[in-house]
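Below is a structure I'd like to ask you about.
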Amino acid sequence: MTPARGRIADLDWIHALYELGQKAANGAHPQQVRQEILEHIVRGFDAESGSIALIVDGTTDQLELAAGTELPRGLIGNPLPRGAGVFGHVVETGQPVLVNGDAAETGLPLRGSVDRQRSTHSAMCWPLRVAGRTIGAVAVNRAETSPRYTADDLDQGQALMSLLALVMANHRMHVERENRILELSTLNATMQRINGMLEDAQNQVIQSEKLASIGQMAAGVAHEINNPLAFALSNLGSLEAYLTKIFELLAAYIDADVALGSTNIPALAAARMLRDETDFEFLRRDTADLVSESRDGLLRVKRIVQDLRDFSRGGVEEVLQAIDVHAALDRTLNIVRNELKYKANIVRNYGSLPEIECMPSRLNQVFLNLLVNAGQSIDANGTITISTGVDDKDAWISVADTGCGIAPENLNRIFDPFFTTKPVGQGTGLGLSVSHSIVRKHGGRIDVESEVGRGTCFTVRLPLAQANASLPNEAEKRAA
Amino acid sequence: MSSLLIVDDEPNVLSAMRRLCQNAAVMPAIHNPSIATFTSAPEALDYLDDHEVDIVISDYRMPDMDGASFLACVKERHPDTARIIMSACSDIDGIVRAVNHAGIFRFVSKPWSDPDLKATILEVLAHRRLLIENRELADEVRAQRDVILRQKLELDRLERESPGITKVRWTEDGGVLLEE
C-alpha cells in the first residue's frame, strides 16, 4: 500500500501546500499557519501524527517545536534539548531518517518528540534545508495499525521537503518582515515626534535669530536716523519761531498799511494787490498746521526708532529690584486710565503676591503695552480684568479684555516684530515684541488666549526670584 | 555775553544748533551768544587754545576723535569750560567714559527736544557761573586772610618788643589805665 505516494504526488496537494505558505502573507497567525501546514503534510503522508521543529533565529542547532499534532498546545514554542532525539540527529547530519519498529533497532537515540507520545510504529523525519542551510526538520508518524513507511516513502518525501522548506522559510521571512514593519512604523512614529520637536526648536532658533538680526540692525539704524532726525526736528522748531516773528512783522506792516489809509504810493498799491491775490489769511493758518503736522511725523519716527532700540536690547539694562507688583500695576493703570476710562470698566482681581525680583520700569512697560492693547481692542463698554496669583515657582499677572479678539491665523504672529493689525500710525508692531523680549529676559513667558468677538487674555509668568541674583528686597533695604 | 563751542561731524546738526542757540526768537535767554562750530574735534581744541568758551557741546560718535576723549582733553586744558555730550546712540560704555573721564555736566540724547536742550544750556551756564563765583569768593576770602595774617604778625612783633603794648585796660568809667 502506497497511498502516500499517490497523494503527495497530486498537484492539488502541492498547490494547497503552496497556498498555505501564502496564507501567512494575508495576515494569518504564524503559529496557526504552521499547524495547518503540518496537518496538510500529515494528511499527505497518511500519518497519524507529526511535528515540525525549527532552528531558533540566531543559533545553529537550538531547535524549538514549531507545530505538532496530538500534542498539548503548551508545548508549541518550547525549545528541544540540543542534539537530542531524531530531530537533533536529522538537523545535525542533514540526512533524512526512516524509523520502523523499536528505535533501538535503528541505533538512534529516539527520545525526541517524535516518539514521546506513544510507541511509534513507523516514522520518517526530514531536514528542512534552504540554500544549503538547515532551518529545521519535519517528522510524520504512523501508529501500529497502519503499514510501515518504506525507503521509497522517505525518498518521495525528500523530494517534497525542498518545497516545504521554502514554504517554511518564506513564511518565516514573512513573519520577520511583519515584525520589521511593525518596528519600522514604531520607529517612524518616534522619528516623527522627534522631527516635530526639532522643527519647533528650529522655529525658535529662527525666531530668535530673526529678532537678534533686527536688533542689530535697529541699533545701527538708530544712530543713522537720529542725527538727521535731530536737526530736522530742531530746525522745525526754529522755523516755527521764525515764522511767528515773520507773521508778527507782517501784521505790523498790515496795521501800518491800514493806518496809512488811502495814501497813494505805487509800491504800497503793488503790495496790497499781492496780498489780495495770495489769500494771506489762509497761508498764515495753514503754515501753523503744516509745521505741527510735520513735527508729528518726525516725532512718530522718533518713537519708532526708540521702540526699535528698546526692542533690540529689551530696553536699557536696569538693576534688579524686589518690588510689589500690585503697586507697579496700579501706577501703570494711573498712566493709562485716561485713555481707558471712556470705554472700559477696569476690574482688579489681585491675589496675594510676594515681592518679585525684576527690572521695575521694564516690567511697567510690559503692563503698559498689555493695557493699551486691551484698551484698543475694545470699541465701547468693555471690561478689562487684571488678575494676579502665584503657582509653584511663578507669579502670574493676566490682563483680560472683552474686546475684538485676535484671529487664529494671527495668533502666532503677534510677537513678531512689526506685526500689527492696527491702522497706520497707531501701532508700530513692536509693543508685544518688546514685551516678549522683556519677559524673556526675566526668565518668564507670555501666554495668550483669544477668541474673536469674545476677547483676549494675556498672561505674564515671572519667576519669583531671578536665577543667579540675590537682592535685598525693599523691606531689607529700608532696614539697612 | 556767553560763548558756546559746538562740535559735530554732521554740518546740518551744527547749523540747527546754531539756529537754536543764536536766535533771540528761539532762545531769548542767552543774549547774542558767540557761537563757534566745528566738524572736527582737533580743530575745536586748537580754537580753544586761543579763545575762552563757557560751554562746549560735543557729539559722541565722530570719525577722528570721539566726544568723550575730546571733552576729556577740554577738561584737562580748560577746566572752567562746562561740558555737554550729545549722542544719537546710547552706548553705555561711551556714557560711562564721558562721565568719568570727561567730567561732563549733562548727557543729551539725539534727537533732542528744543525746550529741554535750552533749559540744559541755561542750567549749565548758571551752574558754571556759580562755580566761578564761588571760586572768586573763595579767592577773595583767602586774600583777606593774608591781610589779616600780616597784621597779626606785626602785632606779635610789637608785643614782643614792648610787652603789653597791644593790650589796653579800661576802667569802669571809660578811662585808660596806664601802669607805672
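The values are calculated or read from the model by the stated rules, or taken from the named source; none is laboratory data. None of the values given here were measured: they were computed from a predicted structure. Backbone-built Cβ (ideal geometry, glycine too); neighbour counts: all protein chains shown.
Being over 25 Å from the mean Cα position of the chain (by Cα), at pLDDT 90 or above and of a type in the set (Lys, Arg) is the filter here; which residues of segment A:421-480 pass it?
A:Arg454
Would you mind telling me which numbered condition in (1) hydrophobic (A, V, I, L, M, F, W, C); (2) farther than 24 Å from A:Leu233 by Cβ; (3) modelled with pLDDT of 90 or more B:Val96 fails?
Tallying (1) hydrophobic (A, V, I, L, M, F, W, C); (2) farther than 24 Å from A:Leu233 by Cβ; (3) modelled with pLDDT of 90 or more, B:Val96 fails exactly one: (3).
Here's a follow-up. If you check B:Val141, B:Val108, B:Val124, which single one turns out to be at pLDDT 85 or above and in contact with a helix residue (DSSP H, G or I) (Cβ under 7 Å, 6 or more places away or on another chain)?
From the options B:Val141, B:Val108, B:Val124, the qualifying one is B:Val108.
With the requirement that a residue be part of a helix (DSSP H, G or I) and of a type in the set (S, T, N, Q), what does segment A:345-403 give you?
Answer for segment A:345-403, where residues must be part of a helix (DSSP H, G or I) and of a type in the set (S, T, N, Q): A:Ser361, A:Asn364, A:Gln365, A:Asn369, A:Asn373, A:Gln376, A:Ser377.
Restricting to segment B:96-122, name every residue that is in contact with a strand residue (DSSP E or B) (Cβ under 8 Å, 6 or more places away or on another chain) and of a type in the set (D, E, K, R).
B:Arg106, B:Lys110, B:Asp116
Within segment A:378-396, can you find the residues that are farther than 18 Å from A:Ile335 by Cα and either of a type in the set (Ser, Thr, Tyr) or under 31 Å from the mean Cα position of the chain (by Cα) (or both)?
Across segment A:378-396, the qualifying residues are A:Ser387, A:Thr388, A:Gly389, A:Val390, A:Asp391, A:Asp392, A:Lys393, A:Asp394, A:Ala395, A:Trp396.
In segment A:196-208, is there at least one residue being surrounded by 12 or more Cβ atoms within 10 Å (Cβ to Cβ) and over 20 Å from A:Arg34 (Cβ atoms)?
Scanning segment A:196-208, I find at least one residue that is surrounded by 12 or more Cβ atoms within 10 Å (Cβ to Cβ) and over 20 Å from A:Arg34 (Cβ atoms), so the answer is yes.
Picking from A:Asp61, A:Asp57, A:Asp46, which residue would you name as being farther than 22 Å from A:Val130 by Cβ and surrounded by fewer than 21 Cβ atoms within 10 Å (Cβ to Cβ)?
A:Asp46
Looking only at residues in segment B:69-97 that are within 23 Å of A:Pro228 (Cβ to Cβ) and out of contact with any Ser or Thr (no Cβ under 8 Å at 6 or more places or on another chain), which one is surrounded by the most Cβ atoms within 10 Å (Cβ to Cβ)?
Step by step, filter segment B:69-97, then rank; the result is B:Cys89.
Next question, about the same structure. Here are the criteria: (1) modelled with pLDDT of 85 or more; (2) over 27 Å from A:Asn345 (Cβ atoms); (3) out of contact with any His (no Cβ under 9 Å at 6 or more places or on another chain). Tell me which single one A:Asp401 does not satisfy.
(2)
Can you tell which of B:Ser87, B:Ser113, B:Ser109 is of a type in the set (Gly, Ala, Ser) and free of Cβ contacts under 8 Å to residues at least 12 places away in the same chain?
Within the list B:Ser87, B:Ser113, B:Ser109, the selection yields B:Ser113.
Something else now. Is one or more of the residues making up segment A:36-55 more than 20 Å from A:Tyr149 (Cβ to Cβ) and at pLDDT below 85?
There is no residue in segment A:36-55 that is more than 20 Å from A:Tyr149 (Cβ to Cβ) and at pLDDT below 85.
Another question about this same structure. How about segment B:63-114: which of its residues are within 20 Å of B:Met17 (Cα to Cα), among the acidic types (Asp, Glu) and assigned to a loop (DSSP other than H, G, I, E, B)?
B:Asp66
So, one more: Report yes if A:Thr278 is away from chain B (no Cβ under 14 Å) and not charged (D, E, K, R), otherwise no.
Taking the combined requirement at face value, the residue satisfies it.
For segment B:115-131, does any single residue satisfy the condition of being in a helix (DSSP H, G or I), acidic (Asp, Glu), surrounded by 11 or more Cβ atoms within 10 Å (Cβ to Cβ) and within 14 Å of chain A (Cβ to nearest Cβ)?
Yes, there is a match, as at least one residue in segment B:115-131 is in a helix (DSSP H, G or I), acidic (Asp, Glu), surrounded by 11 or more Cβ atoms within 10 Å (Cβ to Cβ) and within 14 Å of chain A (Cβ to nearest Cβ).
Pairs please, first residue from segment A:402-420 and more than 18 Å from A:Leu308 (Cα to Cα), second anywhere and part of a loop (DSSP other than H, G, I, E, B), Cβ atoms under 6 Å, 6+ apart in sequence or on different chains.
A:Gly403/A:Ile378; A:Gly405/A:Val452; A:Gly405/A:Gly453; A:Gly405/A:Arg454; A:Ala407/A:Val452
I've got another one for you. For segment A:223-252, enumerate the residues that are in contact (Cβ under 8 Å) with a residue 12 or more places away in the chain and more than 10 Å from every other protein chain (Cβ to nearest Cβ).
Scanning segment A:223-252 gives A:Phe247, A:Leu250.
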